[in-house]
Amino acid sequence: TTTKATTTSTTTTTEEPTTTVAPTIAFVECPSDLFSVEGLPGCCVEDPSYLGDGACDPRAPYNTEECAFDLGDCCHETCNSDSAYGCKTKEGGEYGPFGFFCLDPRFGNMDEKKCQVENLEWIGDGGCDTAGGYNTPECGWDGGDCCEDTCDSEYAFYPCGANQAYVCMDPSVVNKETKSDSPFSFQDGFESGVFDPLHWDVDDGDAEWKIDDSKPAAEGNYYISARTGDISLDFGTAKLKHGIQSFGGGVLSFDIQALVQIPFDDLIIMIDDDVVAEFSSATTGWERQELDIPTGPHLVQWIHRKNPSNMLEADLKLFGYPDEGVTMIDNIAFQPS
């Protein structure tokens with residue numbers, strides 16, 4: 001924040017010079033368990049050193065008008081980079097995570113009363129939180145975290161879009177997109193031979209999904225696969241995640257070949273916290289599947305599971321071991337209604 005010194009010009013119209021009298025600031029007495037802050041009348045906090053330290057304390061009494069919104073810590077525009085934490089703390093350091101719950105009306109567009117989320121520190125931290133009310137206008141679209149155009153990598157604690165895929169709902173960004181670039185519809189992009197890290201999360205499990213061409217794809221050359229043999233732990237998983245959003249809902253379609261067999265392995269598909277499909281025995285060739293996606297932001301997961309019932313090894317032997325389990329998926333696409 002740049003502070004400019006101001007001067008008062010005094011014009012003499014008589015023999016006696018005019019003077020400027022400073023306004024009187026009313027003294028506000030703080031409760032006995034809180035401290036007053038010099039220069040911030042009405043600001044009563046437990047620890048004044050938290051104010052202006054470069055790390056946003058998102059709740060009252062710190063992040064209030066009386067305390068200058070944590071003395072500037074909670075907005076990019078007013079956070080002092082020369083402060084103790086420097087406003088730009090990153091993942092992997094000793095402190096954090098810190099976000100930016102900016103309530104200063106000059107810079108923020110959040111509604112403190114309506115943004116009722118569990119962790120205010122997650123707002124503006126660089127990771128798009130698609131569930132729990134974060135990606136809403138009241139919470140400033142998760143402090144900008146959910147759109148590539150608004151996630152500020154300079155201040156973000158987590159790398160923008162890396163660990164949590166963008167699910168852009170902010171109309172000011174969405175309305176700028178052309179139809180072909182619209183975040184409301186997508187195709188998987190597997191024919192490029194690599195996962196697009198801005199859209200796919202493949203790391204949140206005990207093994208990773210992989211781009212594969214060892215068998216014929218449903219279409220083109222490439223598909224993705226998850227193998228039971230790559231999962232070292234019983235009851236372990238390989239998770240594929242994608243955030244989907246639409247103002248009117250739509251249909252998610254994909255081709256699948258699930259060579260799995262309970263109790264050794266299976267595949268489940270989840271939308272947010274609900275299991276919407278389950279494959280517990282081998283499919284015959286590629287099969288086309290469709291899922292209805294409700295209105296709003298949602299997280300879809302394809303989860304390949306090893307020994308999902310967590311049976312003992314001795315009990316598994318009774319069933320006789322099948323060929324190695326593998327799930328193959330191709331042609332994932334979302335078409336809004």
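The values are calculated or read from the model by the stated rules, or taken from the named source; none is laboratory data. What you see is a predicted model, and the numbers here were worked out from it, not measured in a lab. Every residue, glycine among them, receives a Cβ derived from its backbone with ideal geometry; neighbour counts consider all protein chains shown. The protein model used for the area step is the full one, side chains on, heavy atoms only, and it has no ligands, DNA or RNA in it. Shrake-Rupley method; radii C 1.70, N 1.55, O 1.52, S 1.80 Å.
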On average, how much accessible surface per residue is there in the stretch 74-120, in Å², for a 1.4 Å probe, leaving out ligands, DNA and RNA?
62 Å²
Three-way shape call for the stretch 215-268 based on the alpha-carbon gyration tensor, with the a/c threshold at 1.5
oblate
May I ask you to give the solvent-accessible area per residue for the stretch 270-325, in square angstrom, as obtained with a 1.4 angstrom probe?
61 Å²
Using a simple charge model, +1 on the beta-carbon of Lys and Arg, -1 on the beta-carbon of Asp and Glu, nothing else, what dipole does the chain show about its Cα centre, in debye to the nearest 20?
560 debye
What FRET efficiency do you get for Arg288 and Asn80 if R0 is 51 Å and r is their Cβ-Cβ distance, rounded to the nearest 0.05?
0.35
Share of the chain's accessible area from carbon and sulfur, percent, 1.4 Å?
49 percent
Loop chymotrypsin sites (Phe, Trp or Tyr not before Pro), the stretch 89-173, which have at most 16 other Cβ atoms in a 10 Å radius of their Cβ (DSSP):
Tyr95, Phe107
Quick check: residue separation of Lys114 and Glu154 times 0.36 nm, minus the Cα distance between them. What number comes out in nm?
11.6 nm
Any idea how far the Cα center of the stretch 99-165 sits from the one of the stretch 58-79, in Å?
16 Å
Rounded, prolate or oblate: which fits the stretch 264-330, taking a ≥ b ≥ c as square roots of the Cα gyration tensor eigenvalues, rounded meaning a/c under 1.5, else prolate when a/b beats b/c?
oblate
Mind sorting out which of (1) 20.0; (2) 23.4; (3) 24.2 is the real Kirkwood radius over Cα pairs in Å computed from the coordinates?
(2)
Between the stretch 276-337 and the stretch 237-268, the alpha-carbon center distance in angstrom
6 Å
